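Taken together, the values in this text are just the output of simple stated rules run on the coordinates, not laboratory data. Computed from a predicted model, the values in this text were never measured in an experiment. Neighbour counts are summed over all protein chains in view; Cβ atoms, including those assigned to glycine, are modelled from backbone coordinates with ideal geometry.
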Amino acid sequence: MAQYQQTLQQAHTIDDIGTALADRGLDLGLLERRMRAVSLESDVSGDIAGPPWRPDDVSALNMNLVPTRYGGCSALQSLVAQATLMACLGEADASLALSLPGPGLAMPPVVALASAEQQARFFQRFQSGAPRWGAFAITEPDCGSDATAMRTIARKTGRGWVLNGTKCFITNGARADCVITFATISRQMGRYGIRAFLVDCNTPGFTVSRVERMAGLRATQLAVLSYADCEVPDDALLVRGDEKPLDDAFSGAQRSWDYFRPLLSAVMIGTCRRVRADLAAWLDGGGTPADRHQHVAGVEATLLDIDRQITAAWLLCHCTAWKTDRGIATPMDSSMTKAFASRVAARVTRVAINVAGIDGITSCPSLEQAYRDARAFDIMEGTGELQRLMIARAALRSMSRPWDITEPPSCDTTAPDSSPDIANVRQSGRETSHDA
Ligand SMILES: Cc1cc2nc3c(=O)[nH]c(=O)nc-3n(C[C@H](O)[C@H](O)[C@H](O)COP(=O)(O)OP(=O)(O)OC[C@H]3O[C@@H](n4cnc5c(N)ncnc54)[C@H](O)[C@@H]3O)c2cc1C
């Protein structure tokens, strides 16, 4: 605990991060203001309005989430710093925060599963003055929570691999340049048949079939991707060169979830802060609560409760990020963070709408937008129900054995021996899928 408190004092503030990004040409304050300005328009159009970034910002945005050894910003190599940045961007707009250029969810599986040469090739794509997006495709129309039941098939040929199947709900899938695609070489092998491929979106046979009309997080453009005899070269298969052939690429997907659950939580915590600020500003400006009999003290108590919830969620998120940076986080830490942040986001946005009523929502539409974004957040990266199921299982295990539930007994034989810097998540206690 003392070490945690000490590190909290030394942690990067958003000002430090802003300064580091300014050195790379990105004006964080301006980006945030421009994101706020196009927030509603992006929500209505279901696309990135503007765009909110200037041409000068693009290189730095592309390189967010890129490890330093491939040119990434040294101030953004820890999950604590990333979470701090994402909370700031989420305060501007959750959907746009998740739609900014960069490798996104594709980063952790590449760092976990790819050889040094493959990693260099992948991250080099982002060294560009034009916006570049990466995407991560595992969910299919018939399997989401149990992703190990996937049907997308990878068949070996003399020249490489042929992929056939469909992926759905892929964040930034319609604007991505490359997609880390999970496919099975044999459904009978379960998770051990799963492989990860780097698919260039120009590959013949790869198409974006549709962009979903979502209720929340609409600018992320969740896409349905089709692979019809999509032939990729041999080296599209992610294989760590320094180890025996990888027979559990699914652990790479788990890396992504473990790494991103705190980051997504940070985005939604930022959104809750904005909801809190917008609600208070509306009340300050003379807005009358929907329940006209509610006393001032009642409204103040509601705002205080919102503050308490947001602070608790942020502390949990920060603690998980801190543990991840030290290689001592478990999947339970990430699950608890997301499950809690998701409940907080649902509660804060619902309470804000209840207080503001129809008058408040009309003059402050961001409240209603945040409510829809919170619903989508609960589903992505494993639904709230599944997170709670995982937490309950770990808790039951800990009742029969004296472990802290954040430290389930190690039964994992798949974790890589060494964890790379930016995706330093130790794997333990995993079974399968989102439902691990
Ligand atoms: C905004 C957003 C972004 C996304 N981005 C991506 C992405 O980039 N890449 C990607 O691959 N996928 C992405 N997804 C897909 C997401 O991971 C899945 O939607 C999610 O895992 C749930 O799968 P499903 O939709 O098939 O629901 P299902 O698995 O069919 O679940 C339906 C309902 O049943 C419940 N349920 C299922 N199994 C159990 C169980 N064992 N016990 C109790 N309840 C259960 C679920 O909680 C849910 O309420 C995204 C989704 C959203 C909403």
What share of the DSSP beta bridges in the range 138-251 is antiparallel, in percent to the nearest 5? 95 percent
Rounded to the nearest whole number, the Stokes-Einstein translational diffusion coefficient of the range 250-400 at 20 °C and 1.002 mPa s (Kirkwood radius, C-alpha pairs) in µm²/s is 131 µm²/s
Residues of the range 329-360 with amide N under 20 Å of the 7 Å Cα→Cβ point at Ala301: 347-357
Rounded to the nearest whole number, the Stokes-Einstein translational diffusion coefficient of the range 38-114 at 37 °C and 0.692 mPa s (Kirkwood radius, C-alpha pairs) in µm²/s is 244 µm²/s
Enter the Cα centre distance for the pair the range 346-404 and the range 132-156, rounded to the nearest angstrom. 25 Å
Any idea what angle helix 331-363 forms with the longest principal axis of the chain, computed on alpha-carbon atoms, 0 to 90 degrees, nearest 10? 40 degrees
Skipping prolines and chain starts, which residues have an amide H placed within reach, meaning under 5 Å, of the one on Leu217, given they are 5 or more residues away or on another chain? Asp373
Compute the long axis of helix 296-325 from its Cα atoms, compare it with the longest principal axis of the Cα atoms of the chain, and write down the angle in degrees, 0 to 90, nearest 10. 20 degrees
Can you give the FRET efficiency for Ser115 and Leu30, using 1/(1 + (r/R0)^6), R0 = 30 Å, r = Cβ-Cβ distance, to the nearest 0.05? 0.20
Net dipole in debye of the range 134-236 [+1 Lys, Arg Cβ; -1 Asp, Glu Cβ; about Cα centre; nearest 20]: 180 debye
Report, in debye and to the nearest 20, how large the dipole of the chain comes out about its Cα centre when Lys and Arg carry +1 and Asp and Glu carry -1 on their Cβ. 640 debye
Lysine pairs in the chain 8 or more apart or on different chains: how many have alpha carbons under 25 angstrom apart? 4
Could you tell me the calculated FRET efficiency between Lys156 and Ala395, based on Cβ-Cβ distance and R0 = 45 angstrom, to the nearest 0.05? 0.60
Cα convex hull volume per residue for the range 134-236, in Å³, equals 89 Å³
Hey, with R₀ at 30 Å, roughly what FRET efficiency would Ser128 and Ile328 work out to, going by the Cβ-Cβ distance, to 0.05? 0.25
Running a GNM on the chain with Cα contacts under 10 Å, which residue among Gln188, Gln77, Gln118 ends up with the highest mean-square fluctuation? Gln188
Distance-filtered residues of the range 354-392 - backbone nitrogen under 19 Å, label point 7 angstrom along Ala312 Cα→Cβ: 378, 384-385, 387-389, 391-392
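When every alpha-carbon pair in the chain is counted, what percent end up more than 33 Å apart?
Beyond 33 Å sits 32 percent of the P(r) for the chain.
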